[in-house]
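S.K.: Handing you a structure now.
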Amino acid sequence: RFADENGKVFDCWQQPVITLDDSTVEKSITENLQELTGDFAAMLEDSVNRTHTAIGILSHPGSFATYSRPYIEKCLDLLVENQVPIYNGDQWCDFAYHRTTASVSTSCDGENIQCTASRVECDLTLMIPVSEPAAAWEVSVDGHKASFSIERRLEQDYLMIQLSARDDRGDIQVQVLRK
């Protein structure tokens, strides 16, 4: 689920962008490989740093074997270089499903934030918008000090907290304190 700056939650399904090696683009792949990989790199950079859109790579074994291998391998190299996780279609569908089942409720006490994450059925990242550096914050998950990072996404800094799925599917309590 996605939320706006005011905390309103939207049930919004993410529409992935794709790159493919269909025979209709064979000429482009074989004659303009550098330009095409540059386009993929720009799309990936936008996805990683701004839109967080999933990218589907569709490759047919016959195309890969005959003309698209250099392009597909360069796309995969760029994903690895940018530390982007690579999922197969089933894994992505599982993640998308489990992400929609999770919910987060929050309450604030001044500058401190208490979050309750419910129905966390896969590992997820809790993102909390902040304007102060990491040194200004202390985070605990279920009463234990937790590591976190601050990363810039969608032109906003976010405190990123990794939440792990639980076998018992119990609620996860996250407390964010301003030092």
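The values are calculated or read from the model by the stated rules, or taken from the named source; none is laboratory data. Just so it is clear, the structure is predicted and the values come from calculations on it, not from any experiment. Positions of Cβ are backbone-derived with ideal geometry, glycine not excepted, and every protein chain shown enters the neighbour counts. Protein only, heavy atoms only, side chains kept; ligands, DNA and RNA dropped before computing areas. Shrake-Rupley method; radii C 1.70, N 1.55, O 1.52, S 1.80 Å.
S.K.: Filter region 42-55 for residues that are touching a helix residue (DSSP H, G or I) at 6+ places or on another chain (Cβ under 8 Å) and open to solvent by less than 40 Å² (accessible area, probe 1.4 Å); which is modelled with the highest pLDDT?
M.R.: For region 42-55, the residue satisfying everything is Leu44.
S.K.: Here's another thing I want to ask about it. Have a look at Leu126, Leu78 and point out the one that is hydrophobic (A, V, I, L, M, F, W, C), over 13 Å from the mean Cα position of the chain (by Cα) and open to solvent by less than 50 Å² (accessible area, probe 1.4 Å).
M.R.: Leu78
S.K.: Quick one: what pairs do we get from region 133-161, first residue free of Cβ contacts under 8 Å to residues at least 60 places away in the same chain and outside any strand (DSSP E or B), second of a type in the set (Gly, Ala, Ser) and surrounded by 14 or more Cβ atoms within 10 Å (Cβ to Cβ), C-beta under 6 Å, 6+ apart or different chains?
M.R.: Once the first residue is free of Cβ contacts under 8 Å to residues at least 60 places away in the same chain and outside any strand (DSSP E or B) and sits in region 133-161, its partners that are of a type in the set (Gly, Ala, Ser) and surrounded by 14 or more Cβ atoms within 10 Å (Cβ to Cβ) give Ala146/Ser140.
S.K.: Select from region 58-105 the residues that are of a type in the set (Asp, Glu) and touching a residue at least 24 places away in the same chain (Cβ under 8 Å) and list them in ascending order.
M.R.: Selection gives Asp94 alone.
S.K.: Among Arg153, Arg178, Arg166, which is within 19 Å of Gly7 (Cβ to Cβ) and more than 16 Å from the chain's Cα centre (by Cα)?
M.R.: Arg178
S.K.: Next up: Pick from Thr116, Thr66: which is more than 20 Å from the chain's Cα centre (by Cα), surrounded by 13 or more Cβ atoms within 10 Å (Cβ to Cβ) and under 25 Å from Val25 (Cβ atoms)?
M.R.: Thr66
S.K.: Going by what's in this entry, would Ile72 be described as open to solvent by less than 60 Å² (accessible area, probe 1.4 Å) and modelled with pLDDT of 90 or more?
M.R.: yes
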